Every structure is written in structure tokens, then in C-alpha cells.
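To start, the structure itself, in C-alpha cells.
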Amino acid sequence: MNVPLLDLQAQYVSLRDDLQQAVARVMSSQRFVLGDEVRALETSIAEYCQAKHAIGCASGSDALLLALMALDVKAGDEVITTPFSFFATGASVARLGARPVFVDIDPHTYNIDPSRVADAITPRTKVIMPVHLYGQCAPMDPLLELGRRHGIPVVEDAAQAIGATDNGRRAGSMGVIGCFSFYPTKNLGGAGDGGILTTSDDEVAARLRRLRTHGGSNEYEHEEVGINSRLDELQAAVLNVKFRSLDKWSDERARKAEIYTKLLSDADLQFPLVTPQVRSGGRHIFHQYVIRVPGNRDALMEHLKTHGIGSKVYYPIPLHLQKCFDYLGYKKGDLPESEAAADETFALPAYPELTEEQQIYVVETIKRFR
Ligand SMILES: *Cc1c(COP(=O)(O)O)cnc(C)c1O
């Protein structure tokens with residue numbers, strides 16, 4: 001049996017006619033940038049994420065950059081974030097000349113540990129930026145409380161967590177700004193790059209709209225220098241079609257996760273394997289189903305590969321150990337939980353169309369690992 005890490009074909013087949021019509025509609029209109037499709041998507045996403053505004057942009061990476069620009073992050077500022085994330089999280093800070101301050105993670109959820117954030121706050125801290133890793137919200141209450149106490153805005157990197165909740169609030173509605181990615185492999189993925197920002201602050205929304213169009217409120221008048229980062233109509237048309245299935249897909253992913261966790265817990269394995277911890281009081285949308293195998297990770301992944309099963313490490317090098325961040329002065333051992341997670345965890349296939357038969361095969365293959 002063959003079990004890829006992700007199978008986008010299966011999803012495409014289920015929506016082919018609608019997607020092709022949507023693309024044909026945009027081609028007939030010959031309107032490609034910031035038109036009706038983008039406006040419709042912005043309306044849907046704002047409502048879905050319990051935010052007053054949603055502002056489309058060119059990628060999740062740009063969403064992070066635009067969010068920090070809208071909060072005036074600049075050289076000399078510090079932004080507190082997690083080192084256990086996709087590169088864009090730290091890069092958005094560094095791109096603006098500010099300093100990413102990496103705070104270690106909770107070893108059970110892999111999200112930033114709020115109890116360590118307090119110690120990292122300095123007079124230069126401009127933003128606290130948690131990541132809702134793998135589709136589970138970082139513990140927002142203690143982070144928001146710290147932000148309130150110190151007057152520091154919180155930006156959510158919700159690129160992996162559209163539709164996730166924490167105590168009844170949707171990802172992207174809790175911080176001042178939420179940042180989302182429509183990269184094709186995300187729970188809501190386009191046919192290329194795309195992203196969106198959410199906010200309920202009217203002024204921040206207006207500024208984000210300017211910043212994504214070179215800082216101008218109209219074509220030739222510029223209040224400030226922004227960037228060119230717009231969501232295009234073809235992407236929005238595809239996303240408008242796929243958005244209707246998002247909740248169904250995320251529920252399916254969560255169901256696959258439940259099945260894996262049950263099968264793996266009953267498996268009587270001869271080696272330690274830790275299944276994902278789901279915090280109570282929230283919805284985990286399982287962008288990834290990540291397990292932990294201390295000591296044996298690479299050998300188990302190789303064993304799975306030999307048996308036709310895809311898997312992947314998210315992420316093998318924590319950001320504080322990336323070559324480009326040498327100048328920040330971190331060294332190996334500084335953030336031990338993130339480093340251990342990078343060495344011991346990996347994702348199993350857990351996309352919505354995965355069959356139970358495939359899941360049983362994955363777990364039976366893991367059971368045979370010695
Ligand atoms: C995917 C992702 C991003 C970047 O999104 P792109 O659309 O690929 O630019 C940022 N942060 C996290 C946590 C992500 O997973």
C-alpha cells in the first residue's frame with residue numbers, strides 16, 4: 001500500500017467542476033487583482049474568524065510582515081516568538097531590522113510556553129507573536145494578559161490554524177492581528193501562494209489595506225512606504241469554492257487524529273511513542289498530526305518510507321539555530337525543548353481523504369518497527 005504524506009489530487013477530484021468554473025469566471029472577467037472574488041473571500045473569512053475585517057495579501061509570510069509593519073515594528077525593536085515554527089515567523093521580524101527573541105516551547109503541545117514569555121519582556125519588546133502550531137492554538141489567555149499588563153500587542157501567526165478555537169474564540173480574533181496562509185498544503189489551500197490578515201481594529205485594518213498597496217490609499221498618493229502584496233482573483237475564486245468545505249475537512253482531519261491516537265495507544269509498542277496532546281477548551285484542526293519518538297525518529301521514518309508511507313519533520317532546525325540568525329548569538333542548548341522537539345518529532349499522513357484502511361496500515365507498519 002502507498003500512503004503519501006498529503007494527497008491534493010483526492011481533494012481536487014471532489015471539487016473539479018466548481019473549481020474549473022470559478023477559474024473560467026475570472027478568466028472571462030479579465031479582472032485579476034483585488035476584485036469581487038477577493039472581496040467575497042475577505043467577507044467570508046472575517047465572519048468565519050470572528051473578526052471585523054479581513055485583508056487579503058500575497059502569502060502567509062507577507063501577512064506576518066504586513067502585521068508587524070502595521071504595528072510599527074522597526075530596527076531596535078524586539079518581537080517575542082517561538083523558535084519551533086516555519087522560517088517565515090522569525091524572518092518577518094528580521095526582515096524589518098527588528099530582533100526576534102525566541103522563547104522555548106511547552107514540550108507537550110510544542111507551542112510557545114507563556115510562563116517563559118514574561119522573563120523575555122524588555123522595554124524594547126514591541127510585539128508578542130505566538131504561533132498556533134499544527135492547528136492548535138497557543139494558550140492565548142496568559143499571553144493576552146501579559147500583553148495587556150505591559151501594553152504590548154499580540155499578533156497571532158495562525159497560518160496553520162484557520163478555524164481553531166481557544167476558549168470559544170477563533171484563531172485570528174484574539175490578538176490585535178491574525179495572520180493566515182493559503183499555501184496549497186494548508187487546511188484551506190489555494191492554487192499557489194496567498195494569505196489574509198484579520199483584525200477588529202478599524203485603524204489597523206485601514207493601515208493594512210494601504211500597506212499592501214504600496215502604502216497608498218489611492219493609486220498615486222502614498223502616506224507611507226508599503227509593499228506590493230495583494231491576493232489575486234484567481235486565488236480568491238479557488239479559495240471561495242474550497243472555503244465551503246473547510247469545516248468538513250478540518251473535522252475529518254481531527255477524526256483521523258482520534259483514530260491514530262486510539263490505534264497507537266492500543267498498539268502495545270516496544271518503544272516510546274508520544275501522541276499529540278490536545279488542550280481542553282479548544283478546537284484543534286490538525287493541520288499536522290505530529291508524534292514524538294525519542295531516540296528512534298529517523299530510523300522509524302526510514303522504516304515507514306521503505307513501506308510506502310510518507311512522513312515529514314516540521315521542523316528539523318529550530319529558528320534560533322538557523323545560520324542566518326547566527327548574529328543573534330544563540331547557541332545549541334539555549335532552548336532545549338525546541339531542540340529536542342526538532343530531533344524527536346515528525347508528522348504522519350492525516351489529510352481528510354485518508355482512509356481508515358490506510359491508517360491501520362500506517363499503525364501496523366509502526367508496530368513492526370524494531
Ligand atoms: C505556512 C506558514 C507561514 C507562511 O505562509 P506562506 O503562505 O507559505 O508564506 C507562516 N507561518 C507558519 C507557522 C506557517 O505554517
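Every number here is computed from the coordinates shown, using simple stated rules; none is lab data. Keep in mind that what you see is a predicted model, and the values were worked out from it rather than measured. Here Cβ is always computed from backbone atoms with ideal geometry, including for glycine, and neighbour counts include all displayed protein chains.
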Of all the stretches in the chain, which is the longest one without any exposed loop site, taking GluC sites (Glu not before Pro) in a DSSP loop (any state but H, G, I, E, B) with at most 12 other Cβ atoms within 10 Å?
-> 1-218
Sparse-neighbourhood loop sites, trypsin sites (Lys or Arg not before Pro) in region 66-152 - DSSP loop, at most 16 other Cβ within 10 angstrom = LYS74, ARG124
Dipole moment magnitude, nearest 20 debye, region 105-244 about Cα centre, only Lys, Arg, Asp, Glu C-beta charged = 200
With unit charges on the beta carbon (Lys/Arg positive, Asp/Glu negative), name the residue among THR213, HIS150, TYR260 whose Cα is farthest towards the positive pole of the charge dipole of region 149-274.
-> TYR260
Region 1-68: trypsin sites (Lys or Arg not before Pro) in DSSP coil with no more than 15 other Cβ atoms inside 10 Å | ARG31, LYS52
Given the C-alpha centroids of region 299-326 and region 98-166, what is the distance between them in whole angstrom?
-> 24
Assigned charges on the beta-carbon of Lys, Arg, Asp, Glu; the chain dipole about Cα centre (debye) = 200
Which value in Å does the Kirkwood hydrodynamic radius of region 250-341 take, with 1/r averaged over all unlike C-alpha pairs and then inverted?
-> 15.6
One would report the Cα pair-distance distribution of region 288-336, bin width 5 Å, in %, as 4, 17, 20, 19, 14, 14, 9, 3, 1
When the dipole is taken about the Cα centre of region 194-334, and only Lys, Arg (+1) and Asp, Glu (-1) are charged at their Cβ, what size is it in debye, to the nearest 20?
-> 580
Expressed as a whole-number percentage, the relative contact order of region 6-141 with C-alpha contacts under 8 angstrom and at least six residues apart is 19
With the calculation restricted to Cα positions, what are the radius of gyration and Dmax of region 1-143 in angstrom?
-> 19.2, 56
With the cut-off at 32 Å, report for the chain the share of all Cα pairs above it, as a whole percent.
-> 33
Work out how much length PHE271 to LEU15 would gain on full extension: take 0.36 nm times their residue separation and subtract the Cα-Cα distance, in nm to one decimal.
-> 88.0 nm
Divide by every residue of the chain the summed helix terms, -39500 (n - 2.57) for each DSSP H run of at least 4, and state the resulting mean residue ellipticity at 222 nm, rounded to the nearest 500 deg cm²/dmol.
-> -12000 deg cm²/dmol
Taking K and R as +1 and D and E as -1, what net charge do the other residues with C-beta under 15 Å from the C-beta of VAL33 add up to?
-> -3
Report the antiparallel proportion of the DSSP beta bridges in the chain as a percent, rounded to a multiple of 5.
-> 65
Across region 240-362, how many lysine pairs, 8 or more apart or on two chains, come within less than 19 Å at their alpha-carbon atoms?
-> 4
Apply the Kirkwood formula to region 145-279: the hydrodynamic radius equals the inverse of the mean of 1/r over all pairs of different alpha-carbon atoms; give it in Å with one decimal.
-> 17.8
